[in-house]
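Participant: Structure in structure tokens, see below.
The values are calculated or read from the model by the stated rules, or taken from the named source; none is laboratory data. As the structure is a computational prediction, the values presented were derived from the model and not from experiment. Positions of Cβ are generated from backbone atoms using ideal geometry, with glycine treated the same way; all protein chains shown enter the neighbour counts.
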Amino acid sequence: MSLNKARLDRFLAQHCQISRRNVRLMLAQDRVLVNGKLAHDIDEVIDTFSHITLDGQVIQANSAHYIMLYKPVGVVSATQDVIHKTVIDLLDFPYKEQLHIVGRLDLNTSGLMLLTNDSRWSERLTLPESKVSKRYLVTLKNKLTADYVEAFASGMYFEYEDLTTQPAKLTILSNYQAEVELFEGRYHQIKRMFGRFRNPVVALHRHTIGNLSLDPQLPLGASRALTADEISYI
């Protein structure tokens, strides 16, 4: 859901099919509440989630939703697809068609996905300047060496986009497994970075976004609403 903003007088004039002069009279008569408070300013800016009542009757009461999903391999990060099952298909919420995806995972990547209808929240998480990290567990075909750590930290030049990736943190966990922390999300970035070493990625799993980790109690393919603390903590 796009977080559309509007002036209160324009919203009421359109909703009630009245002139803005009559809206001024409504506000002067203390007939309108915005988020539980009397509204008197015609210039007040409201948005999709502003709770608005007129004469005690609710005329707008949209709720923001924030969902954590444990995405399996083979499910596409899209709202609809004619071939594959989508992350929306996995959800069991009556409002699921309102949701959009916050940071996609490709078909063969599993792990933490977030969905919401609050575009302002999703933008804060995905804008490059927000510098929200994503951490992945990577399983590789060939052995890792210390050379990988420096190469990831230095950034890599991608000729197709004509850009150099931001520094990424690579931690070697075993001969064939590493954790990678990114602050951006270029197309197939992790696979392409390991591709510089001709080392194919066998499995890729995102387990953390910002300060929020995938709930260890959440079964594969399942989802749940985020808590209020999680919404703010991330």
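Participant: Test each condition in (1) of a type outside the set (A, V, I, L, M); (2) farther than 18 Å from Ser63 by Cβ; (3) more than 10 Å from the chain's Cα centre (by Cα) for Lys96 and report the one that comes out false.
Facilitator: (2)
Participant: What are the residue pairs meeting all of these: first residue in region 195-219, first residue hydroxyl-bearing (Ser, Thr, Tyr), second residue outside any strand (DSSP E or B), Cβ atoms under 8 Å, and 6 or more apart or on different chains?
Facilitator: Correct list of pairs: Thr208/Ser133; Thr208/Leu214.
Participant: Can you name every one of the helices (runs of 4 or more DSSP H) wholly within region 85-161 that holds 3 or more residues which are surrounded by fewer than 18 Cβ atoms within 10 Å (Cβ to Cβ)?
Facilitator: Per the criteria, 119-126, 147-154.
Participant: When region 198-226 is examined, which residues are found to be modelled with pLDDT under 95 and over 13 Å from the mean Cα position of the chain (by Cα)?
Facilitator: Across region 198-226, the qualifying residue is only Asn211.
Participant: Which ones in region 46-76 are farther than 21 Å from Gln217 by Cα, in contact with a Leu (Cβ under 6 Å, 6 or more places away or on another chain) and crowded, with 19+ Cβ neighbours inside 10 Å?
Facilitator: Answer for region 46-76, where residues must be farther than 21 Å from Gln217 by Cα, in contact with a Leu (Cβ under 6 Å, 6 or more places away or on another chain) and crowded, with 19+ Cβ neighbours inside 10 Å: Ile46, Val76.
Participant: Take the conditions over 30 Å from Ile101 (Cα atoms) and part of a helix (DSSP H, G or I) and apply them to Leu12. Does it pass? Give the steps one after another, and end with the answer.
Facilitator: Values: over 30 Å from Ile101 (Cα atoms): yes; part of a helix (DSSP H, G or I): yes.
Spelling it out, Leu12 is indeed over 30 Å from Ile101 (Cα atoms) and part of a helix (DSSP H, G or I).
Participant: Among the listed residues Asp55, Asp47, Asp30, Asp41, identify the single one that is out of contact with any Cys (no Cβ under 8 Å at 6 or more places or on another chain) and at pLDDT below 90.
Facilitator: Details: Asp55 fails: at pLDDT below 90; Asp30 fails: at pLDDT below 90; Asp41 fails: at pLDDT below 90.
Of the residues listed, the single one that is out of contact with any Cys (no Cβ under 8 Å at 6 or more places or on another chain) and at pLDDT below 90 is Asp47.
Participant: Among the residues of region 158-179, count how many are at pLDDT 95 or above and polar (S, T, N, Q).
Facilitator: Total satisfying the criteria: 4.
Participant: On to the next question. Quick one: would you say Ser223 is in contact (Cβ under 8 Å) with a residue 40 or more places away in the chain and within 23 Å of Thr116 (Cβ to Cβ)?
Facilitator: So Ser223 fits the description; yes.
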